[in-house]
Amino acid sequence: MSDLLMDLNVLIKECKNNRPEAQRKLYEQFSGKMFGVCLRYSKDYTEAEDILQDGFIKVFTKISQFDFKGSFEGWVRRIMVNCALERYRKHNLLYSVSEIREYDTKLAYDDVMSEISCKELMSLIQELSPQYKMVFNLYAIEGFSHQEIGEKLGISEGTSKSNLSRARAILQEKVKELYSERKQEVKLIIK
């Protein structure tokens, strides 16, 4: 067993014994990565900080349930995603898109995707409305099925599909706009 894993296991055991110093170290070790997870599901940094705070409160109150089977980081991540889901369900921000076929378009944008950075793409995802961003993240990033998303959010499978379809269409348009702007900038530089 690696020293890092053994150190993490010791840290987890100390957290199970409610040791504040161990909790602080665990928070420091995972808060940066988990903040990124929370940010994907929030409208801004402040909301992401709130989700992170709620998430770590749950981590420390439920850490006794972690049985050292599987990834601890994955366990913490699930808690953060569930905290974000609870926040969205509480605010009832998910609505159905009326007609899925209207938005179910296949755009060829492989050239565009090779030109856009991960940071730019994450920024575009942040611009989505809350309901589209939530479904997009759960499906495309977390890997949940539409049935699972529907169960987690209290919506139908069809609503999940339509929200994802609309989110993709919006992102495709935003990426195309960004790509068009870049092409214009290149033309201006060349002239």
Since residue 74 meets every condition but one in (1) more than 22 Å from residue 124 (Cβ to Cβ); (2) buried (at least 16 other Cβ atoms within 10 Å of the Cβ), which condition does it not meet? (2)
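Would you pick out the residues in the range 132-149 that are within 23 Å of residue 178 (Cβ to Cβ) and either of a type outside the set (A, V, I, L, M, F, W, C) or in contact with a His (Cβ under 6 Å, 6 or more places away or on another chain) (or both)?
The answer is 132, 133, 137, 139.
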Could you tell me which of the residues 129, 180 is more than 26 Å from residue 74 (Cα to Cα), under 18 Å from the mean Cα position of the chain (by Cα) and not β-branched (Val, Ile, Thr)? 129
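Does residue 58 satisfy being among the basic types (Lys, Arg), modelled with pLDDT of 95 or more and surrounded by 15 or more Cβ atoms within 10 Å (Cβ to Cβ)?
Details: among the basic types (Lys, Arg): yes; modelled with pLDDT of 95 or more: yes; surrounded by 15 or more Cβ atoms within 10 Å (Cβ to Cβ): yes.
It is true that residue 58 is among the basic types (Lys, Arg), modelled with pLDDT of 95 or more and surrounded by 15 or more Cβ atoms within 10 Å (Cβ to Cβ).
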Can you tell me which of (1) at pLDDT 85 or above; (2) over 30 Å from residue 13 (Cβ atoms); (3) surrounded by 18 or more Cβ atoms within 10 Å (Cβ to Cβ) is the one residue 88 doesn't meet? (1)
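The values are calculated or read from the model by the stated rules, or taken from the named source; none is laboratory data. Being a predicted model, the structure only gives us computed values, none of them experimental. Glycine gets a Cβ as well: all are built from the backbone with ideal geometry, and neighbour counts include every protein chain shown.
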